1. Output yes when any residue across the stretch 99-110 is closer than 22 Å to GLN22 by Cβ and either open to solvent by less than 10 Å² (accessible area, probe 1.4 Å) or in contact with a helix residue (DSSP H, G or I) (Cβ under 8 Å, 6 or more places away or on another chain) (or both), and no when none is.
2. Identify all residues within the stretch 38-52 that are more than 14 Å from GLU85 (Cα to Cα) and over 14 Å from the mean Cα position of the chain (by Cα); write none if there are none.
3. Taking the stated definitions as given, is GLY122 open to solvent by 10 Å² or more (accessible area, probe 1.4 Å), small (Gly, Ala, Ser) and without any contact (Cβ under 8 Å) to a residue 40 or more places away in the chain?
4. Among the candidates SER55, SER84, single out the residue that is among the hydroxyl-bearing types (Ser, Thr, Tyr), at pLDDT 95 or above, outside any loop (DSSP other than H, G, I, E, B) and surrounded by 14 or more Cβ atoms within 10 Å (Cβ to Cβ).
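The values are calculated or read from the model by the stated rules, or taken from the named source; none is laboratory data. Values in this document were obtained by computation on a predicted structure and should not be read as measured data. A quick note on method: Cβ atoms are made from the backbone with ideal geometry, for glycine too, and the neighbour counts reach across all protein chains shown. Heavy atoms of the whole protein, side chains included, go into the accessibility calculation; ligands, DNA and RNA do not. Shrake-Rupley method; radii C 1.70, N 1.55, O 1.52, S 1.80 Å.
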Amino acid sequence: MNRIVAAGACVLALSGCSYNKQTATFTPTVIVAKTNEGAGAPVGLRVVDERPTKSLGHRGNLHGRAAEITTNQDLAAVVHDKISEGLSNRGYAVVPYDGASTKLSIELRSLEYSTSTGFWSGGVAVNASMKAVASKPGDTYEKMYRSDAERRVQFVPTAGKNEQDLNNGVSAIITDLFDDAGLFRFIRPGQSVSAAVE
């Protein structure tokens, strides 16, 4: 009986926290092995935030949608720094976008946290997407990267867990970019591929 009361108190406490607005901090984790693949070749990099809203979504509770989740960080800058670090690890020299011969433009399309309610459990979903447009004189390579992750929960997620889910979404799409063999064939020095759109 005491365990049931304690569990109920825990749920109520966490549910109450969901009415507090959350400010998330982004520290995506992307592991890129160090190689000399790029041989010091310059790549102009830019990241543009094209999300329709800067809101990241809303926390959930027993009754559905609750307080808003936002961030004080420039998400485009966060992604730029992480991609720049990965390119450097692969042997490329990241240079200003304008004037570069080989360019990589990243468009952040979406990053959304959402919740759903069920009879015995709730759902937490994070959807993230970005588009890469690589170009060199006379040739272009384009690809969209998406992450759609959902999990079932029996308790209202904490702010820390929400932040972890959002970071996982950003980490996933950046990791997909570095796993894209076609992209790196395209930007590799002396290489070219036919224009591609996905």
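1. yes
2. Applying the first criterion (more than 14 Å from GLU85 (Cα to Cα)) to the stretch 38-52 yields 39, 41, 48-52.
Scanning the stretch 38-52 gives ALA39, ALA41, PRO52.
3. On the way: open to solvent by 10 Å² or more (accessible area, probe 1.4 Å): yes; small (Gly, Ala, Ser): yes; without any contact (Cβ under 8 Å) to a residue 40 or more places away in the chain: no.
Here the answer is no, as GLY122 does not meet what is asked.
4. Numbers: SER55 fails: outside any loop (DSSP other than H, G, I, E, B).
The unique qualifying residue is SER84.
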